[in-house]
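For reference, the structure discussed in these notes is given below.
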Amino acid sequence: GKPYYAMRFIHGIELKAAIRELHEAKGKKHLDYYGVEFRSLLQRFISVCQTIAYAHQRGVLHRDLKPANIMLGPFGETLVVDWGLARPLQPVATEQIDLSDSQTQHATAPIKLRLSKARSETQQGSFSGTAAYAPPEQLLGELDRLGFETDVYSLGAILFELLTNEPPVRGKFGSFKEIVEFIKKDDGLDPRAIVPSIPRPLAMICRKSLSFRKEDRYATPLD
């Protein structure tokens, strides 16, 4: 007579652990960014971008994207987990999807999140998420400025760690405002400042995603 909750058991490792293993396997040598091992993890990252693009098309913002919330299965599965901070937003239009089919219409309709009273009454100025991977508007609790570009920033932070084995925000900070000041500095979020051998195109994608102003980031994960 006791209630219970059943969840799928996920076999695999966190992307964070896979990134660490990849970089540490090279020791003091620079990672081969054109090698099979790195390209395999980069493909996993692309799968994450596609997953979040689908969530955005359904009107859902994740708000806590980080390597520890991405699970890699033993047979190529890439799973984005921990949607506890998800927030409903107006879904984005996806012109590439044919909505003429009734099943497709249902699959791309906005999802209605049932939020608890406490969650729905989150006050302006409060922060939820993981500071090392969150953009300024999220760090400062500016809930009215959150958008799909917020997740794009976090995707850029994941790419930064994939490239450098470090999150974009490094060191000790006394407040979220200090983190924001660090983010403002271009050199603070440039992966090539840590590893100069990173290919310039990947570094450019990373830096654009991590732009201080949300208007300067990619509009969607598909971009």
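The values are calculated or read from the model by the stated rules, or taken from the named source; none is laboratory data. If you're wondering where the values come from, they're calculated on a predicted model, not measured in any experiment. Glycine gets a Cβ as well: all are built from the backbone with ideal geometry, and neighbour counts include every protein chain shown. We work out accessible area using only protein heavy atoms, side chains counted, and drop any ligands, DNA or RNA first. Shrake-Rupley method; radii C 1.70, N 1.55, O 1.52, S 1.80 Å.
The test for being aromatic (Phe, Trp, Tyr), crowded, with 20+ Cβ neighbours inside 10 Å and either outside any helix (DSSP H, G or I) or out of contact with any Gly (no Cβ under 8 Å at 6 or more places or on another chain) (or both) does not hold for residue 173. Would you call residue 178 farther than 19 Å from residue 30 by Cβ, out of contact with any helix residue (DSSP H, G or I) (no Cβ under 8 Å at 6 or more places or on another chain), open to solvent by 70 Å² or more (accessible area, probe 1.4 Å) and part of a helix (DSSP H, G or I)? Against the criterion (farther than 19 Å from residue 30 by Cβ, out of contact with any helix residue (DSSP H, G or I) (no Cβ under 8 Å at 6 or more places or on another chain), open to solvent by 70 Å² or more (accessible area, probe 1.4 Å) and part of a helix (DSSP H, G or I)), residue 178 qualifies. Taking first residues from segment 84-96 that are at pLDDT 85 or above and partners that are among the charged types (D, E, K, R), the Cβ contacts under 8 Å between residues at least 6 apart in sequence or on separate chains come to 84/64; 85/63; 85/64; 86/63; 87/63; 88/112.
Residues in segment 156-168 that are within 14 Å of the chain's Cα centre (by Cα) and either assigned to a loop (DSSP other than H, G, I, E, B) or surrounded by fewer than 15 Cβ atoms within 10 Å (Cβ to Cβ) (or both): 167, 168. For residue 216, the conditions (1) more than 19 Å from residue 22 (Cβ to Cβ); (2) within 17 Å of the chain's Cα centre (by Cα); (3) open to solvent by less than 60 Å² (accessible area, probe 1.4 Å) are fulfilled apart from (3).
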